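Just below is one structure, and these are the notes that go with it.
The values are calculated or read from the model by the stated rules, or taken from the named source; none is laboratory data. Because the structure is predicted, anything quoted here is derived from the model rather than measured. Reconstructed Cβ throughout: ideal geometry from the backbone, glycine too, with neighbour counts over all protein chains shown.
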């Protein structure tokens, strides 16, 4: 039985803040740490040119998985800019050439600096590591085909003249302190100052004094690093900072053992001890002992794991039927077996969805495959139109109902602008590259991919090329109406709860948390917008969160729900009913009863 997770890599894991000397490359410094620590996974947080010196954060072991969270860190530099000559590389390592205009005075430079403070457009140097048509810009420049790189926005928050040296009046030099955003080229700043002053300029020396939260104070010299390594692993580890050093501004959230195990498997988690956070907030995830176990994001009232640093103690059980949840198509793997797939939001899991899933199970069995669903963590309309329709079904309940309907593999795909612009061919390829794809089950009006071009006929054409089939399932029609989520929403809003129940196959329900408790009442609030009937009083049943069976001792508690004019919902609790703040309650609406239904 799998238990609590443990670190995916034994130490050392942490951050070394090095003081890089002039001469070696940033890659040379990474190689030095790799040799001294015996750890292969080592990376740095922002390249310094060979002639430059200063702060170089080096990430060791599992800390390399957190480098991306530092890529937007601001930087600070002390730079020497030499005037009167230009350089082919914009620094002292290039071929120098005389400038055309007269050398500037100190006053000329101080006046010119004003134009480089704040948000500016900067053209990167031709000799840079940016890629152009798949090749590095510096490779093309060395071949005499220097690319014209597009300017990009950067921010210089501080630009101060520290020292002015006019001992050679034809070639004066200035020492500048620069605080800037990530992606700013100090070489380009020197070049542009020379162009503005009309005399040419290049970068003569450069020291990075700060990289995000890491500064030269307390940075480790290479010789100090070598001496510590000679004293043994403990001495070397003592120089390292924690893996999340520099990420202290990202809030933390603690997971219990069950939540940690689920997150380690890539599953979304609704924390028991969770707190309300802003949608999209980044999180440092902590284990039961307060140790860092991963990074995540808060989305729709749940933690979505992004970078987990732990793995389960044993393999996750692979049930024959229900229970396999995969965090996105890129996490699919061949060991899931042959899959037959349906793609959709599946909000509500209404009778139309169940009709499609029954056919999915049938064709999957015929093809020797497992029935699988690709659904989304956000409604596509939230990205496309900026406003998601209110939900018919709590997201956790939706996953439980998919499993109860015989879906063996559920893929919860993050829907964002990048996915919206992904073609159906690319999306299918991402699935087919990872699993044995048997086919797709679709209704006639279903489509996915950029501009919904992945229709059944388009998928069928693609399937003939790639070796999968497409099964078209006729939409379910009841009372002369196609069963759709939008139709069910309309009926609930209009107060036609009986009509909505016929299409859902169950009573309409919402799941909310107790926001306030009064004398015999509980007011609910919702993480996401939900579909509610009109203002009035309704007979309801109070249940625990739906997990395939009623929760013992709390299922079907009769009560009365009151909806106000602005959509607020409170419940008049029956005698003996006890709830606590933050507890989740599922409110199932009954059919209209005379004197209790809509006001």
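For (1) in the same structural domain as residue 306 (by TED's automatic domain parsing); (2) in a strand (DSSP E or B); (3) more than 27 Å from residue 161 (Cα to Cα), each residue gets a yes or a no:
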| site | (1), (2), (3) |
| --- | --- |
| 47 | no, no, no |
| 55 | no, yes, no |
| 59 | no, yes, yes |
| 62 | no, no, yes |
| 81 | no, yes, no |
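Select the strands (runs of 3 or more DSSP E) contained entirely in the range 437-542, then report the ones holding at least 2 residues which are closer than 19 Å to residue 590 by Cα. Give the steps one after another, and end with the answer.
Details: elements: 469-472, 509-518, 521-525.
Once the strands (runs of 3 or more DSSP E) in the range 437-542 are filtered for at least 2 residues that are closer than 19 Å to residue 590 by Cα, what remains is 509-518, 521-525.
Name the single residue, out of those in the range 38-62 being farther than 26 Å from residue 22 by Cβ and within 23 Å of the chain's Cα centre (by Cα), that is surrounded by the most Cβ atoms within 10 Å (Cβ to Cβ).
62
Yes or no: residue 23 closer than 19 Å to residue 175 by Cα and outside any helix (DSSP H, G or I)?
no
Criterion first (in contact with a strand residue (DSSP E or B) (Cβ under 8 Å, 6 or more places away or on another chain) and over 24 Å from residue 300 (Cβ atoms)) does residue 497 satisfy it?
It is true that residue 497 is in contact with a strand residue (DSSP E or B) (Cβ under 8 Å, 6 or more places away or on another chain) and over 24 Å from residue 300 (Cβ atoms).
Being over 24 Å from the mean Cα position of the chain (by Cα), over 15 Å from residue 409 (Cα atoms), at pLDDT 95 or above and not in a loop (DSSP other than H, G, I, E, B) is the requirement here; does residue 360 meet it? Walk me through it before giving the result.
Details: over 24 Å from the mean Cα position of the chain (by Cα): yes; over 15 Å from residue 409 (Cα atoms): no; at pLDDT 95 or above: yes; not in a loop (DSSP other than H, G, I, E, B): yes.
The answer is no for residue 360.
Determine, yes or no, whether residue 266 is modelled with pLDDT under 85, over 28 Å from residue 581 (Cβ atoms) and touching a strand residue (DSSP E or B) at 6+ places or on another chain (Cβ under 9 Å).
Considered against the rule, which asks whether it is modelled with pLDDT under 85, over 28 Å from residue 581 (Cβ atoms) and touching a strand residue (DSSP E or B) at 6+ places or on another chain (Cβ under 9 Å), residue 266 comes out as yes.
Against the conditions (1) without any contact (Cβ under 8 Å) to a residue 24 or more places away in the chain; (2) in a loop (DSSP other than H, G, I, E, B), where does residue 258 fall short? Just the number, please.
Of (1) without any contact (Cβ under 8 Å) to a residue 24 or more places away in the chain; (2) in a loop (DSSP other than H, G, I, E, B), only one is false for residue 258: (2).
Of the numbered conditions (1) at pLDDT below 90; (2) touching a strand residue (DSSP E or B) at 6+ places or on another chain (Cβ under 9 Å); (3) loosely packed, with under 15 Cβ neighbours inside 10 Å; (4) closer than 30 Å to residue 68 by Cβ, residue 140 fails exactly one; give the number of that condition.
(3)
In the range 546-599, how many residues are at pLDDT 70 or above, assigned to a loop (DSSP other than H, G, I, E, B) and touching a helix residue (DSSP H, G or I) at 6+ places or on another chain (Cβ under 6 Å)?
Residues meeting the conditions: 2.
Name the single residue, out of those in the range 93-119 being within 44 Å of the chain's Cα centre (by Cα) and assigned to a loop (DSSP other than H, G, I, E, B), that is farthest from residue 155 (Cα to Cα).
Quick first cut of the range 93-119, residues within 44 Å of the chain's Cα centre (by Cα) only: 93-95, 109-119.
Remaining after also requiring assigned to a loop (DSSP other than H, G, I, E, B): 93-95, 117.
Values: 93: 26, 94: 26, 95: 29, 117: 7 Å.
Only one residue fits best here, namely 95.
Do you know which residues across the range 269-278 are loosely packed, with under 15 Cβ neighbours inside 10 Å and at pLDDT 80 or above? Reasoning before the result, please.
Restricting attention to the range 269-278, the residues satisfying the condition of being loosely packed, with under 15 Cβ neighbours inside 10 Å are 272-273, 275-276, 278.
The one that is loosely packed, with under 15 Cβ neighbours inside 10 Å and at pLDDT 80 or above: 278.
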